Amino acid sequence: MTTATTPNVQEDLQRIAKKWKDKPGSLIMVLHEVQERLGCVPRNVCLELAKLIDVPVARIYEVVTFYNYFKTEAPGKHILSVCTGTACHLKGASKVLESLSKELGIKEGESSADKEFHLQSVRCVGCCGMAPVVMVNGAIHGKLKPESSGKEIVAQYRGK
Amino acid sequence: MKPEELETKAAAEREKQAKFVATIACCASAGCQLPGTLTTTTDFFKQKVKEAGAADKVRVVPTGCMGLCSKGPIARVQTAGQPDQLFVELNADLGGKMVADYVKPVAEKAAPKPDAELAKHILPASDPFFAKQTKVVLKNMETLNAESLDDYILAGGYQAVRKALTRMTPEQVVAEIKASGLRGRGGAGFSTGLKWELTAKVKGDVKYVICNADEGDPGAFMDRGVLEGDPHAVLEGMIIGAYAMNSTNGILYIRAEYPLAVERVERAIRAAKAAGLLGKGILGTAFNFDCEVRLGAGAFVCGEETALIASCEGKRGTPRPRPPYPATKGVWDKPTCINNVETLANIAPIITRGAEWFAAMGTEKSKGTKVFALTGKVKNNGLVEVPMGTPIKTIVYDIGGGTANGRKVKAIQTGGPSGGMIPAQYFDTPVSYEHLQQLGSIMGSGGMIVLDEDDSIVDLTRFYLEFTVDESCGKCAPCRIGGRQLLTIVDKIAKGDGTRKDIETAKKICRAMQRASLCGLGQTAPNPVLSALKYFMHEFEARLKDGKAAPAPASVTK
């Protein structure tokens, strides 16, 4: 079911739409700003946006679902992005993912029940020299010990 | 800004910096954060310097990636009249000690007194990691304040734009770049001068210059390094290119996964606009050029130029057939020239120092230097820059220091999901577009992953296929279906269920994909498979049901 957006969110959407509406081809930039504000681009927001920037919902959804970066559901508070680039792969990225998954009791792509953590894998964060790497809310944690990485990282962020 | 004001600005900055006795240049790239602190390395040192009461004598500046990522976090202490000191593998404790026992005494003109523990973290500049490199693109990375336009101008910045705009015609600029022999550093290696010439010849009211910073190869971070550490160098390249092609609009298409790079580039654009180096009447000439940032959103295929164009227009990043090439029909059907970050960072040095200087480096057909992201099982991980023609072994053993774990190096992988493996017996080969291609790999954008004897080639092949299958946009059948079938076969072989016939089928699918795929992603996706089969057939055979049967090592079965 689609619910209406709150007045606060609507105000933000109007501000974002106003900023980009007249620039051609700015849909992806609009979606970036929306996701930065809301953590995701949910369906009700897409419906709202369609009216504000005069782009059909189908086109917005087409773009949202094509690009890995955009989420349609709100993730947990701390976003744990396990880098699965080649360098990290060779240095045990799958074990890092396993360790975090075990620690949090969730699978890749899921959020914890208390919405404190979201676990995802990403292609490459470009910190290959520090492999294996996990990015937490934009900060890099590198040179991890794959087996104990889950406990260490989660402990650092839990309750914060 | 008038051209002469560059000198005024440089002089003012020089004077400002002369007031300080020492500088702490902190590697402020995304990967270099002090463990146990939640601030940036720069803020950490600023605080420590303040606590030591040395804020008026010691300058703390954020730089880009200093290259030696495996020994990060890194800080470089510069004092006038003395060799720079590089402090490596720092943490909060050591960083504090570095300021108290080294920087503070130096700032007060006293003898530094690093204790035995801190002394172990000082790396001499004569270390082969640095000594064997030639830096053109990365020349500013260790010292430049990546957030300051004035510091860039002091380092000679925007003099190339000045030279091009005031003393050269657009045709002369194109001729100079052509003569330099510079080829696209994004992977394909097309002549940059020729690309500029083609776009320059197309008539159009609006033309676009695009910087492709959608660095998608998983295992490569050259472009991130340059954007974070020297953003103005890329802008300079774009301005010169725009002048040469008579373009007024620029777009930097950057991966959203690189937030710091985006921040630094946006800051650089703001500063350049405010100083009259971007916008209307650049440096007091009649030339206008403006540029803006557009973000990627996590799609590997958007590194392909026609997909990138679609993405710049706010659409799904699906490629389209060429021709028409972007030079005639690009963004909004306008003539468009797309250059990679490293290519653009080479432009200003070529204009300043001349095509001859550039062409003197490298091999017959591959000129200049190349930046590699040297990673994997090698001891010294990081960003390195060497002249084209440098043997692979120099990079892997001298600069990289061989493996960290004492194992033998088995191979390198270059070019990521579009490239191939090169076994150790070919390490005398010089790195150049031609030589790497002859071996069945490609130069690619510069990822160089070192594999040791424990790494399974079958597993790595599967890794790359999983990647390309997942990233295939699905528009054309050879890539969408062929990739999936290849992965199924390699998966079957990895699990020990494969047969000799499977290998033959895989080769057929590879050839079909190479010939029939719409874009570079599908055309090159078979490369890792083919090169693995070429050099490491025995590793595949060892897993076959009807091959030379041997059990698969436990580490590589899922």
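The values are calculated or read from the model by the stated rules, or taken from the named source; none is laboratory data. Note that the coordinates shown come from a computational prediction; the quantities given were computed from them, not determined experimentally. In this analysis, Cβ positions are derived from the backbone assuming ideal geometry, glycine residues included, and neighbour counts consider all displayed protein chains. Calculation scope for accessible area: heavy atoms of the full protein, side chains included, ligands and nucleic acids excluded. Shrake-Rupley method; radii C 1.70, N 1.55, O 1.52, S 1.80 Å.
Does B:Pro326 satisfy being open to solvent by less than 40 Å² (accessible area, probe 1.4 Å), part of a loop (DSSP other than H, G, I, E, B), closer than 20 Å to B:Gly444 by Cβ and more than 12 Å from chain A (Cβ to nearest Cβ)? So that I can check it myself, show each step before the final result.
Details: open to solvent by less than 40 Å² (accessible area, probe 1.4 Å): yes; part of a loop (DSSP other than H, G, I, E, B): yes; closer than 20 Å to B:Gly444 by Cβ: no; more than 12 Å from chain A (Cβ to nearest Cβ): yes.
So B:Pro326 fails the test.
Look through the stretch B:369-389, keep the residues that are charged (D, E, K, R) and under 16 Å from the mean Cα position of the chain (by Cα), and return whichever of them is farthest from the other protein chains (Cβ to nearest Cβ).
Taking the stretch B:369-389 as the starting set, the residues that turn out to be charged (D, E, K, R) are B:370, B:377, B:379, B:385.
Then drop every residue that is not under 16 Å from the mean Cα position of the chain (by Cα), which leaves B:370, B:385.
On the way: B:Lys370: 17, B:Glu385: 14 Å.
Filtering first and then ranking leaves B:Lys370.
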Which numbered condition B:Ala155 misses (of (1) small (Gly, Ala, Ser); (2) within 12 Å of B:Ala233 (Cβ to Cβ); (3) open to solvent by less than 50 Å² (accessible area, probe 1.4 Å)): (3)
Selection count, the stretch A:20-71, where residues are part of a helix (DSSP H, G or I), out of contact with any helix residue (DSSP H, G or I) (no Cβ under 8 Å at 6 or more places or on another chain) and over 27 Å from B:Ser472 (Cβ atoms): 3
Some residue of the stretch B:475-496 being in contact with a His (Cβ under 6 Å, 6 or more places away or on another chain) and free of Cβ contacts under 8 Å to residues at least 24 places away in the same chain: no
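Residues checked against (1) among the aromatic types (Phe, Trp, Tyr); (2) more than 27 Å from the chain's Cα centre (by Cα); (3) open to solvent by less than 50 Å² (accessible area, probe 1.4 Å); (4) not assigned by TED's automatic domain parsing to the domain that holds B:Cys26:
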| position | (1), (2), (3), (4) |
| --- | --- |
| B:Pro83 | no, yes, no, no |
| B:Glu89 | no, no, no, no |
| B:Gly96 | no, yes, yes, no |
| B:Tyr102 | yes, yes, yes, no |
| B:Val106 | no, yes, yes, no |
| B:Lys113 | no, yes, no, no |
| B:Ala116 | no, yes, no, no |
| B:Val136 | no, no, yes, yes |
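Output the residues belonging to the stretch B:297-309 that are crowded, with 21+ Cβ neighbours inside 10 Å and either among the small types (Gly, Ala, Ser) or not in a loop (DSSP other than H, G, I, E, B) (or both). Let's see the steps before the verdict.
So in the stretch B:297-309, the residues crowded, with 21+ Cβ neighbours inside 10 Å come out as B:297, B:299-309.
Result: B:Ala297, B:Ala299, B:Phe300, B:Val301, B:Cys302, B:Gly303, B:Glu305, B:Thr306, B:Ala307, B:Leu308, B:Ile309.
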Number of the exception - B:Phe372 against (1) open to solvent by 30 Å² or more (accessible area, probe 1.4 Å); (2) closer than 24 Å to B:Arg183 by Cα: (1)
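Residues checked against (1) open to solvent by 30 Å² or more (accessible area, probe 1.4 Å); (2) at pLDDT 95 or above; (3) within 14 Å of another protein chain (Cβ to nearest Cβ); (4) under 30 Å from B:Cys476 (Cβ atoms):
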{"residue": "B:Asp223", "(1), (2), (3), (4)": "no, yes, yes, yes"}
{"residue": "B:Val226", "(1), (2), (3), (4)": "no, yes, yes, no"}
{"residue": "B:Asp230", "(1), (2), (3), (4)": "no, yes, no, no"}
{"residue": "B:Ile239", "(1), (2), (3), (4)": "no, yes, no, no"}
{"residue": "B:Ala242", "(1), (2), (3), (4)": "no, yes, no, no"}
{"residue": "B:Pro259", "(1), (2), (3), (4)": "yes, no, yes, no"}
{"residue": "B:Ile282", "(1), (2), (3), (4)": "no, yes, no, no"}
{"residue": "B:Arg322", "(1), (2), (3), (4)": "yes, no, no, yes"}
Meets criteria (assigned to a helix (DSSP H, G or I) and closer than 13 Å to B:Asn246 by Cβ) for B:Val173: yes
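Given the structure, is B:Phe463 open to solvent by less than 10 Å² (accessible area, probe 1.4 Å) and within 12 Å of chain A (Cβ to nearest Cβ)? Lay out the reasoning, then the answer.
On the way: open to solvent by less than 10 Å² (accessible area, probe 1.4 Å): no; within 12 Å of chain A (Cβ to nearest Cβ): yes.
No.
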Residue within the stretch B:396-411 that is among the aromatic types (Phe, Trp, Tyr) and open to solvent by less than 20 Å² (accessible area, probe 1.4 Å) present: no
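Considering only helices (runs of 4 or more DSSP H) fully contained in the stretch A:81-160, which possess at least 1 residues that are away from chain B (no Cβ under 13 Å), modelled with pLDDT of 95 or more and within 17 Å of the chain's Cα centre (by Cα)?
Numbers: elements: A:86-90, A:93-104, A:149-157.
Output list reads A:93-104.
Among B:Ile509, B:Ile481, B:Ile489, which is the only one that is touching a Pro at 6+ places or on another chain (Cβ under 9 Å), part of a helix (DSSP H, G or I) and open to solvent by 10 Å² or more (accessible area, probe 1.4 Å)?
Details: B:Ile481 fails: touching a Pro at 6+ places or on another chain (Cβ under 9 Å); B:Ile489 fails: touching a Pro at 6+ places or on another chain (Cβ under 9 Å).
None of the others qualify; the one that does is B:Ile509.
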Subset of the stretch B:257-285 (residues that are small (Gly, Ala, Ser), in contact with a helix residue (DSSP H, G or I) (Cβ under 9 Å, 6 or more places away or on another chain) and farther than 24 Å from A:Gly25 by Cα): B:Ala271, B:Ala272, B:Ala274, B:Ala275, B:Gly276, B:Gly284
Output for the stretch B:329-350, where each listed residue is away from chain A (no Cβ under 14 Å), crowded, with 23+ Cβ neighbours inside 10 Å and over 19 Å from the mean Cα position of the chain (by Cα): B:Pro335, B:Cys337
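When you scan the stretch B:390-422, how many residues do you find that are part of a strand (DSSP E or B) and away from chain A (no Cβ under 14 Å)?
Filtering the stretch B:390-422 for residues part of a strand (DSSP E or B) gives B:391, B:403, B:409-414, B:420-422.
Filter once more, so that each one left must be away from chain A (no Cβ under 14 Å): B:391, B:422.
Adding up the residues that qualify gives 2.
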